[in-house]
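Below is one structure; the comments refer to it alone.
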Amino acid sequence: MSTVSSPQEESLASVVIVDYGLGNLRSVTRGLERAGADVEITDDPAAFAAADGVVLPGVGAFREGVENADPLREDLLEVAENGTPLFGICLGMQMLLTTSEEGDNDGESAVQGLDLIPGTNVRFAEGQKVPHMGWNELHVEREHPLVEGVDGNYAYFVHSYYAVPDDQNATVAMTDYELEFPSIVANEAGNVFGTQFHPEKSGETGLQILRNFVEICAEE
């Protein structure tokens, strides 16, 4: 099952949004179209393989996200292995890591993320207002094509857990919410990356990031 939509102008790249039952697919689609992409929403692995780039969206709990996406696990790992840009948004970013405290509560055993960026997701400390919701600043820590032109800009967040990558170099940008946490992460090869915030809800900053993503896809 898939939905195809095309932007008004000639597209720069073909992008697939993974439809696994969770995520704000329509607003992500509109944002990517504005950024110059030809967008398809699908759960068809053949479309993942054919696309210039793949987006893993996500809203909700880590366990539900991982379990919903599990039938597509090997296909998503193959996307990353082939060097295709794979962009996780919010929960989708957290799912790029190995595990989460959220998946190991209420006496349940932990569920495994995609382990493309080794690390875990932890809950904000006791006493902090949760969820972290609203606009906050991005501090770029290192170069990556996704963050061209966004250092010091503000993006829109809604989350109660944050990523702690095993490798400090996986952090591309940080954000301060009583403590500093990684708001953008990427793997060593640079083709797997994610934002803890919602670019599709982040105005011009988000559009710039989506444009950067489309440009990364166009170069592949």
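Only the coordinates and a few stated rules stand behind these numbers; no lab work does. Everything quoted here is computed from the prediction, not taken from an experiment. Here Cβ is always computed from backbone atoms with ideal geometry, including for glycine, and neighbour counts include all displayed protein chains.
Return the long-range amide H neighbours of residue 192 (sequence gap of 5 or more, or a different chain), with a cut-off of under 5 Å between placed amide H atoms.
Residues meeting the amide H criterion: 86, 187.
Residue 36's amide H: which non-local residues (gap 5+, or another chain) put their own amide H closer than 5 Å, with H modeled 1.01 Å from N in plane and none for Pro or chain starts?
Residues meeting the criterion, in which the H sits 1.01 Å from N, do not exist here.
For region 89-95, what does the Karplus curve 6.51 cos²θ - 1.76 cosθ + 1.60, with θ = phi - 60°, yield as ³J(HN,Hα) per residue in whole Hz, taken in order and with x for Gly and Pro?
Here the 3J(HN,Hα) series is 10, 6, 4, x, 5, 4, 6 Hz.
Can you check what the Kirkwood hydrodynamic radius comes to for region 162-218, Cα pairs only, in Å to one decimal? Provide the component values of the computation, followed by the final result.
Numbers: mean 1/r = 0.0822 Å⁻¹.
Kirkwood radius, region 162-218: 12.2 Å.
Return a whole-number percent for the relative contact order of region 2-219, with Cα pairs under 8 Å and 6 or more residues apart as the contact set.
Values: 516 pairs, mean separation 45.4, N = 218.
Normalised by residue count, the contact order of region 2-219 is 21 percent.
Under the rule of -39500 (n - 2.57) per DSSP H run of 4 or more residues, summed and divided by the residues of the chain, what mean residue ellipticity at 222 nm is obtained, to the nearest 500 deg cm²/dmol?
Mean residue ellipticity at 222 nm (helix-derived): -7000 deg cm²/dmol.
Per-residue HN-Hα couplings for region 114-125, Karplus 6.51 cos²θ - 1.76 cosθ + 1.60 at θ = phi - 60°, whole Hz, x for Gly and Pro?
Calculated HN-Hα couplings, in order: 6, 6, 7, 10, x, x, 9, 10, 10, 7, 4, 5 Hz.
Let a ≥ b ≥ c be the square roots of the eigenvalues of the Cα gyration tensor of the chain; is it rounded (a/c under 1.5), or, if not, prolate (a/b larger than b/c) or oblate? Write down the numbers at each step before the final one.
Details: a/c = 1.60, a/b = 1.22, b/c = 1.31.
In terms of gyration-tensor shape, oblate.
Within region 184-201, name every residue whose backbone N is under 14 Å away from a label modeled 7 Å from Cα of residue 158 along the Cβ vector.
Residues 197-201 fall inside that zone.
Count charges around residue 157 for me, please; just the other residues with Cβ under 14 Å from its Cβ, Lys/Arg as +1, Asp/Glu as -1.
Local net charge: -3.
Please report, in debye to the nearest 20, how large the charge dipole of the chain is about its Cα centre when each Lys and Arg carries +1 at its beta carbon and each Asp and Glu carries -1 there.
Working: 10 positive and 39 negative charges, 131 e Å.
Computed charge dipole of the chain: roughly 620 debye.
Explain nothing, just compute: Karplus ³J(HN,Hα) = 6.51 cos²θ - 1.76 cosθ + 1.60, θ = phi - 60°, for every residue of region 65-70 in order, whole Hz, x for Gly and Pro.
With the stated coefficients, region 65-70 comes to x, 5, 5, 5, 7, 4 Hz.
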